[in-house]
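The values are calculated or read from the model by the stated rules, or taken from the named source; none is laboratory data. Here the structure is a predicted model, which means the values were calculated and not measured. All Cβ positions, glycine included, derive from the backbone under ideal geometry; neighbour counts span all protein chains shown.
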Amino acid sequence: MQNKGVMVLGAAVGAAIMYGIVTFFGPGGGQMQNVELRPDDLKLVALGKKVYDANCASCHGARFEGEANWRERGEDGLLPAPPHDESGHTWHHPDAVLFALTKYGPAVMAGDGYKSAMPGFEGVLSDEEILASLSYIKSRWPDEIRQRHDQINQSAAQQQ
């Protein structure tokens, strides 16, 4: 039963984050709708590795493994950092969503009092550094996952 509760909670948080994305990037939204990760851009990926190592690896892991029990809230009520490898849910989100979550933070994107240990990196990292770190993450996914992520991006673009 607890797994079902976690799944319902995850769906509710996902819906809240998607609402936040629509609010930020909906009609009349900013230029970030056109965010596109570039995992084959070696210079950008090299910058992304440096940014990731300095700002993300302490929580999400040097090998993208995330924190233990990342689907279950800790005693502090917060979800641990999820993995960014193929076992996590990062690749389930289109580029613009990943960018917004990184720039503004999950709490801002979900709104409605949602709490998250992950800060937004606006004012800490430039847009290029955020794009670079996400491109680095995607560059490490297996080909099959990268292709599935590309399909998610295509679906998101068609819905705009």
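Quick one: count up the residues across segment 106-146 that are modelled with pLDDT of 95 or more and either touching a strand residue (DSSP E or B) at 6+ places or on another chain (Cβ under 8 Å) or under 21 Å from Asn34 (Cβ atoms) (or both).
19
Just need a number here: residues in segment 128-160 that are within 20 Å of Val51 (Cβ to Cβ) and surrounded by 14 or more Cβ atoms within 10 Å (Cβ to Cβ). Can you show your working first?
Applying the first criterion (within 20 Å of Val51 (Cβ to Cβ)) to segment 128-160 yields 128-141, 146, 149.
Then drop every residue that is not surrounded by 14 or more Cβ atoms within 10 Å (Cβ to Cβ), which leaves 129-141, 146, 149.
Of the residues in segment 128-160, 15 are within 20 Å of Val51 (Cβ to Cβ) and surrounded by 14 or more Cβ atoms within 10 Å (Cβ to Cβ).
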